[in-house]
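Here the structure is laid out as structure tokens; the discussion comes afterwards.
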Amino acid sequence: MKVTVIGLGKIGLPLAINFARNGATVTGLDQQEDVVRQINSGTEPFPGERDLLFRLKECIANSSLIASTNVEECLSSAEVIVICIPLIVDSDGNPNFENIDRLVNEIGKNMSKGALICFETTLPVGTTRSRFTVDLEAASRFKVGKDFFVVFSPERVLTGRVFEDLQKYPKLVGGVTNECTSKGVEFYTKVLTFDIRSDLSRPNGVWAMRNSESAEFAKVAETTYRDVNIGLANEFAVYASSLNIDIMEVIFASNSQPYSHIHRPGISVGGHCIPVYPKFYTWKNSESQIVTAARARNLDMPFRAVKQIKEEFGDLKELKVGVLGITYRAGVKESAFSGALDLLRYLQNEGVQVFGLDPFYNESEILSFGFLGVANLDELDGVIIHTDHPEFKAIDFESFKNLRFIYDGRRSLTELNDSKILKYLTF
């Protein structure tokens, strides 16, 4: 089976490798020549994905995977085309379809009759049918469900553990027609393997959804639910702080009740998923209230952190503050919608000299974000823990000569609450 995976990023490349290791002949299509060159030489183009390197080398060695920039060749020869490029959004999370529309048009012009087109990119509900399938039919002059087949099958994986998650979670597939769904289920059943799980309502594997809209909504709903849960936890944390209550003690106690789960609060909710996909829901649903409020609460947390520091110390002008962690979560080199960038902006507006520190970025990369480079930790007046990288746990903050406070945005250093030297702050 000849499969083309479009977009060899942090999701697309592991997915292509997984297909190749399960019997497919895979071509990875990417517009970045350096990425294609690295992959074809057996070099991982990004760090942090568990087991990626040796699996990539294995696929390159046995020729089950090759990367290319040749659009026409990759599309015309494929029996299955899997789309893993992101839907671009603006700073408010509103989608810009320009790039993916252009790609869909190219697919329509070049795909072979009988091809299966799988959209894995998270989309606003209804997009697969009402936008992309219409465009594919127009460009190809084929009829969906007869001459070609279209499904939506959402990514349900987390970067850093993609191979593990591909086996752990059911693969949802919803087609534009019933025949499309059948074709999609047949494909994914061949190229994926699954863990045995007794906790699911039916056997783990490829699950057929009623249609493409159901599959689209399942992904948007999953992410939106998490955003709302985190927003509620953040609201609890703000209220608890005003009453001098330990919110983590409350959450731990609450989560001991069956069927109850409250997320940990956090200073930042970043990445390509949680800050973005709820917007796909509110963009389509003008009556949304709960989701809108949760998103606003989560966006507010970096501002609230700076506000708390200002309330404690007054004028912050000329203070030297280090933001520890630029990535949106620990263990991955990814800064999309990271709250660290909001902290930078809010602190700079107060006249603070803002230094950045992150084990995943070198000094030139840190400077490119707008942070100052940390030459000597002793020069800092304060520290904000944005990301709970394990490396930060090993730092002896009480040994810093000038450090006056630490704002723990992840509640990862609660032992400093008893510090006789530092002012320990958190939400």
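The values are calculated or read from the model by the stated rules, or taken from the named source; none is laboratory data. Remember, predicted model here, so these are calculated numbers, not experimental data. Note: ideal-geometry Cβ built from the backbone for every residue, glycine included; neighbour counts use all protein chains shown.
For segment 349-373, a tally of residues being touching a residue at least 12 places away in the same chain (Cβ under 8 Å), more than 14 Å from THR327 (Cα to Cα) and not in a loop (DSSP other than H, G, I, E, B) returns 5. Among the residues of segment 375-392, the ones that are crowded, with 18+ Cβ neighbours inside 10 Å and under 29 Å from the mean Cα position of the chain (by Cα) come to 8 in all. How many residues are surrounded by 15 or more Cβ atoms within 10 Å (Cβ to Cβ), within 22 Å of LYS333 (Cα to Cα) and among the hydroxyl-bearing types (Ser, Thr, Tyr) when one looks only at segment 30-69? Counting residues in segment 30-69 that are surrounded by 15 or more Cβ atoms within 10 Å (Cβ to Cβ), within 22 Å of LYS333 (Cα to Cα) and among the hydroxyl-bearing types (Ser, Thr, Tyr) gives 0.
Within segment 117-173, being of a type in the set (Asp, Glu) and over 26 Å from ASP51 (Cα atoms) holds for ASP135, GLU137, ASP147. If you filter segment 1-12 down to residues that are more than 23 Å from GLY114 (Cα to Cα) and in contact with a helix residue (DSSP H, G or I) (Cβ under 7 Å, 6 or more places away or on another chain), you find that the one that is surrounded by the most Cβ atoms within 10 Å (Cβ to Cβ) is LEU8. Being in contact with a helix residue (DSSP H, G or I) (Cβ under 9 Å, 6 or more places away or on another chain) and modelled with pLDDT of 95 or more is a property that SER153 has.
Within segment 324-348, if we keep just the residues that are among the aromatic types (Phe, Trp, Tyr) and in a loop (DSSP other than H, G, I, E, B), the residue that is surrounded by the fewest Cβ atoms within 10 Å (Cβ to Cβ) turns out to be PHE337.
Could you tell me how many of the residues in segment 225-278 are in a loop (DSSP other than H, G, I, E, B) and touching a residue at least 40 places away in the same chain (Cβ under 8 Å)?
Of the residues in segment 225-278, 13 are in a loop (DSSP other than H, G, I, E, B) and touching a residue at least 40 places away in the same chain (Cβ under 8 Å).
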